[in-house]
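What follows is one structure encoded as structure tokens, with my remarks underneath.
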Amino acid sequence: MKTTGYTFRMRHAALLAFVLIFVGCGYAFAPRGESIDPAIRNIYVEPFGNKTAHAEVENFMRTAFIDQVLQNSRFKAVGDSAKAHAVISGNIIGLNTVTLSYRQDILAAEERMTALLEVVFRETEGGKIIWASSRLTGNVDYKVSNAANPLPFRKQALRKLSKDLAENAFNMMMSNF
């Protein structure tokens, strides 16, 4: 089937109109915190509490939240709460690992790590809560290539889980969800 010049031009005009509407509407893929007071610029991420039996989990989570603040051009991460306009604090309530599949030698081949957090984003002056979640959950599946020593794989999974949870929480903070 041969398209006429008129049909060809109409298709291109419709495509151009769609692109112009999409670009011109101000739509953004990532929330930028428009609902947060513009005076809040400096954010301090407090050391997280760890209510689990797993050591160092709180350090991974805190580092992941600091990275999220650093990646956002609207805020600046500060190392002292006295210099901050707002503070992010949290507790790791739970961290569980379960085996998803086994190898022939009855050792774990694949595991799932699940974390449960409570996170609060609040202003330093007055303590007004900007955003909070008491049940933020996330999980990550990972392969255990050497089941004799699964710790390196669990640590790598914990890094990814921390990054994913921090990104999810930060996006919800910025979109006021």
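Is it the case that GLY33 is surrounded by 14 or more Cβ atoms within 10 Å (Cβ to Cβ) and modelled with pLDDT under 95? It is true that GLY33 is surrounded by 14 or more Cβ atoms within 10 Å (Cβ to Cβ) and modelled with pLDDT under 95. Mind listing whichever residues of the stretch 83-107 are over 22 Å from THR137 (Cβ atoms), at pLDDT below 95 and hydrophobic (A, V, I, L, M, F, W, C)? If the condition is that a residue be over 22 Å from THR137 (Cβ atoms), at pLDDT below 95 and hydrophobic (A, V, I, L, M, F, W, C), then ILE106, LEU107 are the ones that fit. The lone criterion from (1) among the acidic types (Asp, Glu); (2) assigned to a strand (DSSP E or B); (3) more than 16 Å from PHE48 (Cβ to Cβ) left unmet by ASP105 is number (2).
One residue alone among LYS155, LYS160 is among the basic types (Lys, Arg), modelled with pLDDT of 95 or more and part of a helix (DSSP H, G or I), and that residue is LYS160.
With GLU111, GLU58 as the choices, which residue is in contact with a strand residue (DSSP E or B) (Cβ under 7 Å, 6 or more places away or on another chain), surrounded by 16 or more Cβ atoms within 10 Å (Cβ to Cβ) and farther than 19 Å from GLU167 by Cβ?
On the way: GLU58 fails: farther than 19 Å from GLU167 by Cβ.
Result: GLU111 is the single residue among GLU111, GLU58 that is in contact with a strand residue (DSSP E or B) (Cβ under 7 Å, 6 or more places away or on another chain), surrounded by 16 or more Cβ atoms within 10 Å (Cβ to Cβ) and farther than 19 Å from GLU167 by Cβ.
In summary, TYR142 fulfils each of the numbered conditions (1) of a type in the set (Ser, Thr, Tyr); (2) surrounded by fewer than 17 Cβ atoms within 10 Å (Cβ to Cβ); (3) closer than 20 Å to GLN156 by Cα with the single exception of condition (2). Taken residue by residue, the stretch 5-27 has no member that is basic (Lys, Arg), at pLDDT 90 or above and over 17 Å from the mean Cα position of the chain (by Cα).
Restricting the first member to the stretch 66-85 and to residues that are within 15 Å of GLU167 (Cα to Cα), and the second to residues that are assigned to a helix (DSSP H, G or I) and not aliphatic (A, V, I, L, M), the beta-carbon pairs closer than 7 Å and six or more apart or on different chains are GLN68/GLU167; GLN68/PHE170.
What are the residues in the stretch 118-134 that are surrounded by fewer than 12 Cβ atoms within 10 Å (Cβ to Cβ) and either free of Cβ contacts under 8 Å to residues at least 24 places away in the same chain or touching a Gly at 6+ places or on another chain (Cβ under 6 Å) (or both), if any?
Taking the stretch 118-134 first, the residues surrounded by fewer than 12 Cβ atoms within 10 Å (Cβ to Cβ) are 125-129, 134.
Once the filter is applied, which keeps residues that are surrounded by fewer than 12 Cβ atoms within 10 Å (Cβ to Cβ) and either free of Cβ contacts under 8 Å to residues at least 24 places away in the same chain or touching a Gly at 6+ places or on another chain (Cβ under 6 Å) (or both), the stretch 118-134 yields GLY126, GLY127, LYS128, ILE129, SER134.
Restricting the stretch 61-96 to residues that are in a helix (DSSP H, G or I) and touching a Lys or Arg at 6+ places or on another chain (Cβ under 8 Å) leaves a set whose member that is surrounded by the most Cβ atoms within 10 Å (Cβ to Cβ) is ALA64. Only one of the numbered conditions (1) in contact with a Leu (Cβ under 6 Å, 6 or more places away or on another chain); (2) in a strand (DSSP E or B); (3) crowded, with 17+ Cβ neighbours inside 10 Å; (4) not basic (Lys, Arg) is not met by ALA169, and that is (2). Every listed requirement among (1) exposed (fewer than 13 other Cβ atoms within 10 Å of the Cβ); (2) touching a helix residue (DSSP H, G or I) at 6+ places or on another chain (Cβ under 8 Å) is met by ASN176 save one, (2).
The values are calculated or read from the model by the stated rules, or taken from the named source; none is laboratory data. Keep in mind it's a predicted model, so treat the numbers as computed, not measured. Neighbour counts run over all protein chains shown; Cβ positions are idealised from the backbone, glycine included.
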